[in-house]
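Q: Could you have a look at this structure, given as structure tokens, before my questions?
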Amino acid sequence: YDDGDQPRSRSNQLIQSRLLTEPQYQAVLKLVEQYLPKFDAVNMATALHLCAVTARDHPNLKRQIQFDPAFVSLFRTTKENVLGNCDKLTPRTLSSLLWACARLGVFDVDLYNDVVADATRRLDKYSSHGISLVVFALGCVNQRPRAVFMQALVRELRARIGQEFEHRAINMIVHGMSKLGIRDDRLMKIVSQHLLRIGLDECNVITLANYALSFAKLEYWDDRLFAAFGRNLIDSLDEMTIRDQTAAGLAFAYFAYGSKYLQESSYVLESLLKAGEQRQNEFSNRELSTFAFIAGKFRQAVDEEDGIDSTNRPNPTPLEQSGPIAQMIINQALRQRPEFSVTETTLIVYGLMRLNTRDEKMLLQAAEQYIRNAAELSSVEIINALYAFGRLKFVHLGFVNAMLEEVRRRNMLENAEPKFMAQLAYTLAFQRVLEEDMMNTIAKNVCRRAREFSGQLMSMVIWGMATLGVKKHAKALCSTCLEDICERKSYYPVLSISICLWSCGVLAGDVCGLQALRLIFSPGFWRQDFTKTTFSMIYHTCASLQAEETLRMEDITGWLESRQCYEEGTEITGLQTESLSERLRLKRIPHLANVMVPARAGYAEPGVRGDIVLEGLQLVIEVEGPQRLCIPLPQVLAEVGEETDIYGKYPEVISAVQRNVECNIAGPAHFKRRILQRCGWRVITCTFDENEEY
């Protein structure tokens, strides 16, 4: 703790000797209580360091140390001695002091600024270990240094990394940078080239896993370096603790998803996941939740590589049909163990969502925990939980109400980030839960702040509005959306443009026709890489303009292909429609089932399919299944109470709700009714429960 640069009194040396022989922090603080007035800066730094080692090895004792009167006196005295005197203290003392404060969770801005300013001025006098302690401490307390410090750090690394810096010191520096979120390409290049040059053979497993994780968090994708990490980690698999495995797994999950080097990282991830599966009974709660996140992130990367997205994702798989990793996660999560924290539960649920695995018992347990802890959840945890449940097609009305009540209570929508509003609208629509006041607030915010939304976020909002059939601000929202696409077309990927056109056709139709035509006739529009699904989406807007404005949409370039994709995508007759058609046949009532509705004399062609068409009666019967209905949440709660325990798959929840409250027709169903009525047809809606009853 003292490099001998400065003379010290005999009493200070004796105190130092006594401090270093004490095995526990209580004895250290007892010496502080007795002799603090005689302590010099080295004694103070040593005492703090010994307390910090205890806090590192026993985190549960950290707060106990922080509030000890002797410790409070020690820190106050240390600060008084250090401020303004850094140039008189050795770099070793200062770096040790900063590390101790960071480990103890003690942050004093004046103290940190003074020490870092001194380090900036004379970093060449700091040892490699001292430099690493300073950077590590800054990372622990998330105190970003000034650019001048980064310049000094890069300079010292460039000059000395090959001679003085060992793996431990380099690892602490990279770890500190990842904690700070500072990706300095100069620094990372120096480190990566050095590691590739000297190799990783002398690197222990913990350092190796931390290297990989730090590089991954900073998104510094050096494929040669990660290949070296992977080879050495696989060779050391038998030596790894569970904690090492999860750190390495996180690193390569981020690498697989962020760098798109999926093939290179697959073998490493599969090996780590298999090793984790074999040691599943050793997992702590935190390690199990991290393992679930890793497995989910890997699956997300694989799905993206295979072209699976929101338009073609299969339905969630039940537990008994899922893979071994998902089964292990769920079985371990349901074992009798200490309750997971909310963060751990969210990681597990999010991992299962990405693994596309649904287990009702697991989700019910998670929902009950979220309800109990609703007041403590962050906005991110609220939206992630809602989104995961929506993607897994598990609806729990009590849980949804508890989350939305927190959004209202904290007035989260007032200054919400665009991502929060987009995910909320999208998630409610995914679960077919209609909370009209909240959706209207989101619509108004989007109209005011449209330029803050990316193309993907805008499409999520407007898709949610269209799916739920929220009409109050529909015209303004659709006009804002289409105008924004025309002005910022490069911000909108093809899928987002298609979703926005579908949504505007469903919500507002001809009201925003001019903006829709402006987009459709924009240069290169039809040369974009549309799929059958996206062509079918665009067709809804074209059909609306043809039926409601009697425009000759068949003359535009993409009409034929769009219509063909729509007809092919809707040609399968639903079970409810088949059932009704069969009963009509038995009664010898002439009709057509699931056909493109013909044009009536004097009217435009509707251009949409009708479930049951009775031409003689000029009547179309629309049979609405659960997916075409929405749950009016306020009315349901008023009828059954806020402590509702209605939950399950979406059709089951709709059936339960329908016994008490009539559900709303969804936006796409309203769209067909509007088009058909405009084209001279009478329309009757028959819900699935009415159809089954008769």
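Q: List every residue pair whose Cβ atoms sit under 7 Å apart, with the two residues 6 or more apart in sequence or on different chains, where the first one lies in the range 211-223 and is closer than 16 Å to Leu262 by Cα and the second, anywhere, is buried (at least 23 other Cβ atoms within 10 Å of the Cβ) and among the acidic types (Asp, Glu).
A: Correct list of pairs: empty, since none qualify.
Q: Taking the residues in the range 149-173 that are small (Gly, Ala, Ser) and more than 19 Å from Ser214 (Cβ to Cβ) as candidates, determine which candidate is least open to solvent (accessible area, probe 1.4 Å).
A: Result: Ala152.
Q: Confirm whether Met553 is surrounded by 23 or more Cβ atoms within 10 Å (Cβ to Cβ) and under 23 Å from Asn312 (Cβ atoms).
A: No.
Q: Turning to a different aspect of this structure: Scan the range 351-394 for residues that are closer than 25 Å to Leu434 by Cβ and open to solvent by 20 Å² or more (accessible area, probe 1.4 Å) and report the count.
A: 13
Q: Same structure, new question: Considering only the range 322-350, state which residues are surrounded by fewer than 14 Cβ atoms within 10 Å (Cβ to Cβ), closer than 13 Å to Phe283 by Cβ and either within 20 Å of the chain's Cα centre (by Cα) or charged (D, E, K, R) (or both).
A: Answer for the range 322-350, where residues must be surrounded by fewer than 14 Cβ atoms within 10 Å (Cβ to Cβ), closer than 13 Å to Phe283 by Cβ and either within 20 Å of the chain's Cα centre (by Cα) or charged (D, E, K, R) (or both): Arg335, Arg337.
Q: Considering only the range 457-490, how many residues are surrounded by fewer than 16 Cβ atoms within 10 Å (Cβ to Cβ) and either acidic (Asp, Glu) or at pLDDT 95 or above (or both)?
A: Result for the range 457-490: 1.
Q: Still on this model: Report, by residue number, each residue of the range 4-34 that is in a helix (DSSP H, G or I) and open to solvent by less than 80 Å² (accessible area, probe 1.4 Å).
A: Of everything in the range 4-34, those that are in a helix (DSSP H, G or I) and open to solvent by less than 80 Å² (accessible area, probe 1.4 Å) turn out to be Ser11, Asn12, Ile15, Gln16, Ser17, Leu19, Tyr25, Ala27, Val28, Leu29, Leu31, Val32.
Q: Out of everything in the range 275-296 that is of a type in the set (D, E, K, R) and over 14 Å from Ala326 (Cβ atoms), what residue ends up being most open to solvent (accessible area, probe 1.4 Å)?
A: Among residues in the range 275-296 that are of a type in the set (D, E, K, R) and over 14 Å from Ala326 (Cβ atoms), the one most open to solvent (accessible area, probe 1.4 Å) is Arg286.
Every residue, every condition in (1) touching a helix residue (DSSP H, G or I) at 6+ places or on another chain (Cβ under 9 Å); (2) under 18 Å from Leu519 (Cβ atoms); (3) of a type outside the set (Lys, Arg), yes or no:
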position	(1), (2), (3)
Gln564	yes, no, yes
Glu578	no, no, yes
Arg585	no, no, no
Arg588	no, no, no
Ala593	yes, no, yes
Ala599	no, no, yes
Gly610	yes, no, yes
Gln618	no, no, yes
Glu622	yes, no, yes
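Q: Looking only at the range 500-521, filter to residues that are assigned to a helix (DSSP H, G or I) and open to solvent by 20 Å² or more (accessible area, probe 1.4 Å); which one of those is farthest from Ala466 (Cα to Cα)?
A: The residue in question is Arg518.
Q: For the structure I just gave you, tell me whether Phe252 is within 20 Å of the chain's Cα centre (by Cα), open to solvent by less than 30 Å² (accessible area, probe 1.4 Å) and touching a residue at least 40 places away in the same chain (Cβ under 8 Å).
A: Answer is yes for this residue.
Q: Here's a follow-up. When the range 214-249 is examined, which residues are found to be surrounded by fewer than 16 Cβ atoms within 10 Å (Cβ to Cβ), within 26 Å of the chain's Cα centre (by Cα) and assigned to a loop (DSSP other than H, G, I, E, B)?
A: Selection gives Glu219, Trp221.
Q: Only one residue in Ile308, Ile294 is outside any helix (DSSP H, G or I) and at negative phi, so which one is that?
A: Ile308
Q: For the range 666-684, how many residues meet the condition of being over 23 Å from Glu549 (Cα atoms) and crowded, with 19+ Cβ neighbours inside 10 Å?
A: Count: 1.
Q: Cβ-Cβ below 8 Å, separation at least six or inter-chain, first residue in the range 111-130 and at negative phi and touching a residue at least 40 places away in the same chain (Cβ under 8 Å), second of a type outside the set (Lys, Arg) and assigned to a loop (DSSP other than H, G, I, E, B): which pairs?
A: Once the first residue is at negative phi and touching a residue at least 40 places away in the same chain (Cβ under 8 Å) and sits in the range 111-130, its partners that are of a type outside the set (Lys, Arg) and assigned to a loop (DSSP other than H, G, I, E, B) give Ser128/Glu164; Ser128/Phe165; Ser128/Glu166.
Q: Counting residues that are without any contact (Cβ under 8 Å) to a residue 24 or more places away in the chain and under 30 Å from Arg372 (Cα atoms), which strands (runs of 3 or more DSSP E) fully inside the range 612-687 reach at least 1?
A: none
Q: Another question, then. Among the listed residues Glu690, Glu639, Glu662, identify the single one that is surrounded by fewer than 18 Cβ atoms within 10 Å (Cβ to Cβ), closer than 23 Å to Leu364 by Cα and among the acidic types (Asp, Glu).
A: Glu639
Q: In this structure, is Lys260 basic (Lys, Arg), under 25 Å from Gly230 (Cβ atoms) and surrounded by fewer than 20 Cβ atoms within 10 Å (Cβ to Cβ)?
A: Yes: the conditions hold for Lys260.
Q: Here is a list of conditions, (1) without any contact (Cβ under 8 Å) to a residue 40 or more places away in the chain; (2) over 26 Å from Ala450 (Cβ atoms); (3) crowded, with 19+ Cβ neighbours inside 10 Å; (4) of a type outside the set (Asp, Glu), and Pro418 meets all of them except one; can you say which number that is?
A: All conditions pass for Pro418, except number (2).
Q: Also, I was wondering about something else. Please find, among Tyr647, Tyr603, the residue that is among the hydroxyl-bearing types (Ser, Thr, Tyr), farther than 29 Å from Leu560 by Cβ, modelled with pLDDT of 90 or more and out of contact with any Pro (no Cβ under 8 Å at 6 or more places or on another chain).
A: Tyr647 is the lone residue from the list that is among the hydroxyl-bearing types (Ser, Thr, Tyr), farther than 29 Å from Leu560 by Cβ, modelled with pLDDT of 90 or more and out of contact with any Pro (no Cβ under 8 Å at 6 or more places or on another chain).
Q: For the range 174-213, what are the residues that are of a type outside the set (Gly, Ala, Ser), open to solvent by 30 Å² or more (accessible area, probe 1.4 Å) and outside any helix (DSSP H, G or I)?
A: Correct list: Arg183, Asp201, Glu202, Asn204.
Q: Further question on the same structure: Please work out if Thr54 is on the phi < 0 side of the Ramachandran plot, touching a Phe, Trp or Tyr at 6+ places or on another chain (Cβ under 8 Å) and modelled with pLDDT under 90.
A: Yes.
Q: Still on this structure, please answer the following. Pick from the range 565-574 the residues that are touching a residue at least 24 places away in the same chain (Cβ under 8 Å) and not hydroxyl-bearing (Ser, Thr, Tyr): which of them is least open to solvent (accessible area, probe 1.4 Å)?
A: Cys565
Q: Pick out, from the range 38-148, the helices (runs of 4 or more DSSP H) lying fully within it that include 3 or more residues that are surrounded by 18 or more Cβ atoms within 10 Å (Cβ to Cβ).
A: Output list reads 41-57, 69-82, 91-103, 109-121, 128-141.
The values are calculated or read from the model by the stated rules, or taken from the named source; none is laboratory data. Remember, it's a predicted structure, so these values are computed and weren't measured experimentally. Neighbour counts run over all protein chains shown; Cβ positions are idealised from the backbone, glycine included. Calculation scope for accessible area: heavy atoms of the full protein, side chains included, ligands and nucleic acids excluded. Shrake-Rupley method; radii C 1.70, N 1.55, O 1.52, S 1.80 Å.
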